[in-house]
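Throughout, read-outs are computed from the coordinates displayed, never taken from laboratory work. Predicted model only: the values in this text are computed from it and were never measured. Counting neighbours? That spans all protein chains shown, and the Cβs are built from the backbone with ideal geometry, glycine included.
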Amino acid sequence: MEKNEAKNLVIRAGHELVAEGLIARTWGNISCRISDEEFVITPSGKSYEDLVPSEIVPVRIDDCSWSGTVRPSSEKAVHSALYRLHPEANFIIHTHQYYATAIGATGRSLRGYDAFYREVLGRCVPCAEYGISTTQPLADAVEAAAALYPEAQAILMRNHGVVCIGVDYESAFNAARKLEELCRIKYSDLTGLTDLPENFIPGTPAAAGKVHYREVGGRTYAFLKSPFVRRLAQAGGADESAENGSDLFSKMSRPFGGGAGPLGGAADGKPGMAGRVVKHPLGSRLAPLGKSLPAYIDDCAQMAGASIRVLPAEASGSDMARALMHAPMVFVRNKGAVCVGADREEADAACMVLEKNAMAAYVCRLLDEGKPVGGAAAMAENLIYRFKYSKLKNS
Ligand SMILES: [Zn+2]
């Protein structure tokens with residue numbers, strides 16, 4: 001494909017994937033082959049909404065080399081490995097989509113699904129071993145899975161996300177979309193949950209009433225009762241009848257609001273927000289949270305480190321504020337969670353990651369499968385994130 005045409009297609013793909021909730025912020029990356037030797041790929045650390053063609057970077061397939069002033073995505077080695085193994089592939093999408101990422105955290109591969117999905121995804125969606133993001137071991141793990149299953153059009157990346165391969169943009173996009181559908185069904189089968197949300201993106205109608213915000217001291221606090229955060233926070237039996245969002249927010253907002261009154265429904269004009277927990281047979285097997293919830297996905301390890309702290313239900317506001325000085329998210333048992341960021345966008349990003357980690361943790365804990373990212377890897381992820389993020393902020 002001609003270079004400029006490919007660059008514009010990558011930009012269009014970014015917009016469409018964001019619109020469908022398959023990618024967000026600067027997570028994930030997209031590439032298009034332009035010859036036997038080269039592909040073009042999204043840049044490192046730029047949000048998809050305002051990409052321009054000059055920021056889509058040509059990269060060589062054989063050695064990942066590139067030139068110019070815009071850095072290509074740090075997962076370019078994953079793309080180049082797949083273009084080498086798949087001469088027919090012209091488009092590759094890497095996402096951190098919700099259900100596929102959660103299933104990937106269990107370490108399970110997908111197989112034995114309907115012909116409808118087989119046509120798009122191939123007979124199997126393998127799960128690649130874990131590798132720290134942006135590193136060669138991650139690219140090697142994906143390459144090994146792709147080599148073992150040459151027919152697979154999608155690969156789960158353990159504790160991370162997925163990568164989808166297509167002969168063209170439409171087929172790669174379709175693989176990402178169908179994979180998410182399939183994983184949502186699989187997630188429901190594995191957990192017994194029948195009321196699964198499509199995804200959880202703060203600011204969208206699906207998330208309305210699940211996140212309430214408060215700006216204090218130049219930071220934005222987000223009080224979160226999204227579906228999986230709620231399920232984990234209340235695992236082991238909360239008093240459901242007494243729980244509702246307003247309780248949570250009024251209690252939590254006191255230390256942040258400086259006595260300005262309850263944050264609750266009233267502050268957002270949404271009184272009586274429901275915090276209902278749907279009971280189901282498998283969910284009651286879920287053990288209550290201990291003092292922390294491990295990071296089951298890289299995004300979470302990057303933002304919060306190896307685990308997210310869990311405060312007791314009776315934690316005071318200053319306990320929460322203190323915990324939020326060390327990490328941007330904290331659970332409060334039986335209640336929900338609080339996230340914080342420099343602005344609403346950052347607070348939303350923390351909410352999204354927290355919910356995604358809760359989804360992955362929920363299925364892993366329920367099945368007693370999968371393993372968290374773990375200490376050393378989580379520390380490395382956290383450092384990479386801080387380094388990249390501080391550079392972005394200063395650029
Ligand atoms: Zn990624």
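Annotations
- Formal net charge of residues neighbouring Phe39 (Cβ-Cβ distance under 12 Å; K, R +1; D, E -1): +2
- Relative contact order of segment 53-155, pairs being alpha-carbon contacts under 8 Å that are 6 or more residues apart, as %: 25
- For the chain, the mean residue ellipticity at 222 nm estimated from helices alone is -13000 deg cm²/dmol, where every DSSP H run of n ≥ 4 contributes -39500 (n - 2.57) and the total is divided by all residues, rounded to the nearest 500.
- Cα centroid separation, segment 51-93 to segment 325-363: 32 Å.
- Neighbours of Arg84 by Cβ distance under 9 Å: Lys/Arg scored +1, Asp/Glu scored -1, total -2.
- Whole-number D in µm²/s for segment 1-97 (Stokes-Einstein; Kirkwood sum over Cα pairs; 4 °C, 1.567 mPa s): 100
- Over all other residues within a Cβ to Cβ distance under 13 Å of Gly370, the charged ones net out to +1, with Lys and Arg as +1 and Asp and Glu as -1.
- When the chain is treated as a Gaussian network with alpha carbon springs shorter than 10 Å, the biggest mean-square fluctuation among Ala301, Ala315, Ala146 belongs to Ala315.
- Whole-number percent relative contact order across segment 1-61, with pairs defined as alpha carbons under 8 Å at least 6 apart: 37
- Here the Karplus relation 6.51 cos²θ - 1.76 cosθ + 1.60, evaluated at θ = phi - 60°, turns the backbone of segment 58-63 into coupling constants of x, 10, 7, 6, 6, 9 Hz, with x for every Gly and Pro.
- Comparing Ala13, Ala342, Ala145 in a Gaussian network model of the chain where C-alpha atoms under 10 Å apart are linked, the largest mean-square fluctuation is found at Ala342.
- Mean separation of Cα contacts under 8 Å, 6 or more apart, over the residue count of the chain: relative contact order %: 15
- Gaussian network model of the chain, Cα within-10 Å springs - most flexible of Gly112, Gly236, Gly317: Gly112
- Tail weight of P(r) past 35 Å, computed on alpha-carbon pairs of the chain, percent: 25
- Listed pairs Lys3/Lys46; Lys76/Lys225; Lys335/Lys371 exceeding 29 Å between Cα atoms: Lys76/Lys225
- Size-normalised alpha-carbon gyration radius of segment 3-191, reference 2.2 N^0.38 Å: 0.94
- Ranked Ile297, Ile93, criterion: other C-beta atoms within 10 Å, fewest first: Ile297, Ile93
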